[in-house]
Amino acid sequence: MTGRTEGKKKNILNYLGPALITSALVLGPGSVTLSSKIGAIYGSQLVWALVLAVILMMVYTEMSTRIGIAAKSTFIEVMKKKWGIFAGALIGIGAFLVTASFQAGNAIGVGIAVSTVTSMNSTIWIVAFTLISIGLLFAKQFYNILEKMMLVLVVIMLLAFLITVILVQPSLADIFKGFIPIIPKDSIGLIIALFATSFSVVGALYQSYLVKEKGWTISDAGSGKKESFLGIFLLGFISFLIMITAATILKPQGLIVNDASEMGLALEPLFGSWSTFVFMLGLFGASFSSLMGNATIGGALLADGLGIGNNLANMKVKLFIILVMLFGSAIGIIFGSAPLNLIIFAQAVTILVVPFIAIAILVVANDESVMGELRNKWLSNILGVIGLLVLIYLAFNNIKNIFFS
């Protein structure tokens, strides 16, 4: 294991890492586009939905943090012992299929962000940054590099989108109104999509693996909890900044974005070309962090599910991670966007796997033989069940859209 924390007392900055990686990989170009679209159509009316999704993501990420600290083996290995080899393989294969299916969007996001600024073909940049990602994967102490890189990319995203919000000067009164739960007409589809992108149980699950890579022990549990909340808060705050920017700039003009680059270009007439550059810098941070992080999740969990290994230093694990990267980049280059059949396939896998993973996390987090003194308290269970019900609703909605629409 790498990066073990030592010393009697640590500042919270010493613990930034696992949840920061989780938040960076969850906040991808799809999240940027969706937040922009919601803000453009409904202004700040759906801020409350983002807040709820982030709270549920915090709950499952914090549970996963405690599992990673308390369990003597990885989450999938624990599940194999509890429910059999099939259960562990299902989680690993399901996570791989979900991440591979959505990887194309991350590759395309990187290409769009850089090509918009450089006016060069996006395919060049997709290939370039895929090769850079593969190269980083073979660097010594990959986890430490991943952690530092995600910190830099999150700071880039935060500053880029914060500067954008300062430029557009949103109405504080409108923002505060957005915390009052209402469901505007025809908004349910976007609310569901917002929960699907901001409340990623697969991402939360991988937190337990990152904690083990970090080398945390039970003495780190308290600070790990704070780090979980802070990391996921940043995920929500950046999405919030994007939503508010779109509400202030796009909604009054009646403009609706179909991809994140359109949001950046919409700023240019008002604030000049440099504002587009700033927004694209944020989009690049979101895309490249997800390009690396999403592939790491899919490859590592598949390897563990198949009993091959789980440590990021393991060559076989690296090969699975590369497989996710190459798949996403190839789809992005060939089709220019994720094909409809691929999206439907990803939704179908999600219907089965995601609620199952949520149930598994809740079961393990309540197992005293695994968790000891770190097992769930009543509040975690209540919020965890609410999160599970949300996921089941999302699953039924996907079933309806796929088979009955």
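The values are calculated or read from the model by the stated rules, or taken from the named source; none is laboratory data. Because the structure is predicted, anything quoted here is derived from the model rather than measured. Quick reminder, even Gly has a Cβ in these numbers, built from the backbone with ideal geometry, and neighbours come from all protein chains shown.
Residues are listed down the side, and each one gets a yes or a no for (1) without any contact (Cβ under 8 Å) to a residue 40 or more places away in the chain; (2) under 21 Å from Ile91 (Cα atoms); (3) of a type in the set (A, V, I, L, M, F, W, C):
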residue	(1), (2), (3)
Asp367	no, yes, no
Trp378	yes, no, yes
Gly387	no, yes, no
Lys400	yes, no, no
Phe403	yes, no, yes
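From the list Leu131, Leu97, Leu136, Leu90, which one is assigned to a helix (DSSP H, G or I) and within 18 Å of the chain's Cα centre (by Cα)?
Leu97
All but one of (1) touching a Ser or Thr at 6+ places or on another chain (Cβ under 8 Å); (2) within 30 Å of Leu281 (Cβ to Cβ); (3) assigned to a helix (DSSP H, G or I) hold for Pro170, so report the exception by its number.
All conditions are met except number (3).
State whether one or more residues within segment 19-31 are closer than 30 Å to Ile180 by Cα, at pLDDT below 95, out of contact with any His (no Cβ under 8 Å at 6 or more places or on another chain) and not in a helix (DSSP H, G or I).
yes
Would you point out which residue out of Phe284, Phe271, Phe279, Phe288 is surrounded by fewer than 24 Cβ atoms within 10 Å (Cβ to Cβ), of a type in the set (Phe, Trp, Tyr) and either in contact (Cβ under 8 Å) with a residue 60 or more places away in the chain or in contact with a Leu (Cβ under 9 Å, 6 or more places away or on another chain) (or both)?
Phe271
Among the residues of segment 215-240 satisfying the criterion of being buried (at least 24 other Cβ atoms within 10 Å of the Cβ) and not aromatic (Phe, Trp, Tyr), which is nearest to Ile41 (Cα to Cα)?
Ser239
Just checking, does segment 371-385 include any residue being β-branched (Val, Ile, Thr), at pLDDT 95 or above and either within 30 Å of Asn258 (Cβ to Cβ) or out of contact with any strand residue (DSSP E or B) (no Cβ under 9 Å at 6 or more places or on another chain) (or both)?
yes
Among the residues of segment 170-208, write down those that are within 22 Å of the chain's Cα centre (by Cα), polar (S, T, N, Q) and at pLDDT 85 or above.
If the condition is that a residue be within 22 Å of the chain's Cα centre (by Cα), polar (S, T, N, Q) and at pLDDT 85 or above, then Ser198, Ser200, Gln207, Ser208 are the ones that fit.
Within segment 159-195, can you find the residues that are farther than 19 Å from Ser44 by Cα and crowded, with 20+ Cβ neighbours inside 10 Å?
Ala160
Looking at Ile55, Ile76, which is the one that is surrounded by fewer than 20 Cβ atoms within 10 Å (Cβ to Cβ) and β-branched (Val, Ile, Thr)?
The unique qualifying residue is Ile55.
Every residue in segment 87-122 that is of a type in the set (Ser, Thr, Tyr) and either free of Cβ contacts under 8 Å to residues at least 60 places away in the same chain or within 16 Å of Gly336 (Cα to Cα) (or both), please.
Answer for segment 87-122, where residues must be of a type in the set (Ser, Thr, Tyr) and either free of Cβ contacts under 8 Å to residues at least 60 places away in the same chain or within 16 Å of Gly336 (Cα to Cα) (or both): Ser101, Ser115, Thr116, Thr118, Ser119, Ser122.
Specify which of the listed residues (Ile41, Ile55, Ile124, Ile112) is farther than 22 Å from Phe237 by Cβ, modelled with pLDDT of 90 or more and not charged (D, E, K, R).
Ile124
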